[in-house]
Amino acid sequence: MGFPHVLQLARLDRIRVLKGGKQEVETVWLITSLSPEQANGARLLELARQYWCIENALHYRLDVSAGEDRCRVRHPVATTVLGLLRRAMQGEYRAWARRQTKARERTCPAFREKMSRRINGVIRYLTGQVGQL
């Protein structure tokens, strides 16, 4: 195959049904170092689905609510720091949302509004001066 350590190559066709009943087919190729004994076709499909579960759960939230893809910062240290801050705030949001009693108070906009009114507390949290927002 020309790739070191590659033991399997698999084709995965994704079929999406669009409005009006039209189908869209996307073909992707899976490349793995797992042997056929370690991962048969069903296991490769399961691994691909697990990957997208993670992608949709974490990265979607970072891209949409934290605007990570729109960020124009390119300095390696600055991008690392901003990424860590985004992930810390996502974690704090999830902890904050679990403490809210009403569903309408558990939204990202409600969290942003509440934190924007408490910017000094947010700064103290980010600098480690307080343990919880």
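The values are calculated or read from the model by the stated rules, or taken from the named source; none is laboratory data. This is a predicted model, so every value here is computed, not measured. So basically every Cβ, Gly included, is an ideal-geometry build from the backbone, and we count neighbours across all protein chains shown.
If a residue must be in a helix (DSSP H, G or I) and farther than 16 Å from residue 59 by Cβ, how many such residues does segment 89-104 contain?
Adding up the residues that qualify gives 8.
So which residues in segment 14-60 are among the β-branched types (Val, Ile, Thr) and either outside any strand (DSSP E or B) or under 30 Å from residue 90 (Cα atoms) (or both), if there are any at all?
Within segment 14-60, just 54 meets the criteria.
Residue 123: at pLDDT below 90, out of contact with any His (no Cβ under 7 Å at 6 or more places or on another chain), exposed (fewer than 10 other Cβ atoms within 10 Å of the Cβ) and among the aliphatic types (A, V, I, L, M), yes or no?
Answer is no for this residue.
Just checking, which of 57, 48 is within 30 Å of residue 84 (Cβ to Cβ), loosely packed, with under 10 Cβ neighbours inside 10 Å, among the hydrophobic types (A, V, I, L, M, F, W, C) and not assigned by TED's automatic domain parsing to the domain that holds residue 84?
One residue alone meets the criteria, 57.
Go through segment 76-117 and give me each residue that's more than 23 Å from residue 128 (Cβ to Cβ) and surrounded by fewer than 12 Cβ atoms within 10 Å (Cβ to Cβ).
Answer for segment 76-117, where residues must be more than 23 Å from residue 128 (Cβ to Cβ) and surrounded by fewer than 12 Cβ atoms within 10 Å (Cβ to Cβ): 76, 101, 102, 103, 104, 109, 113.
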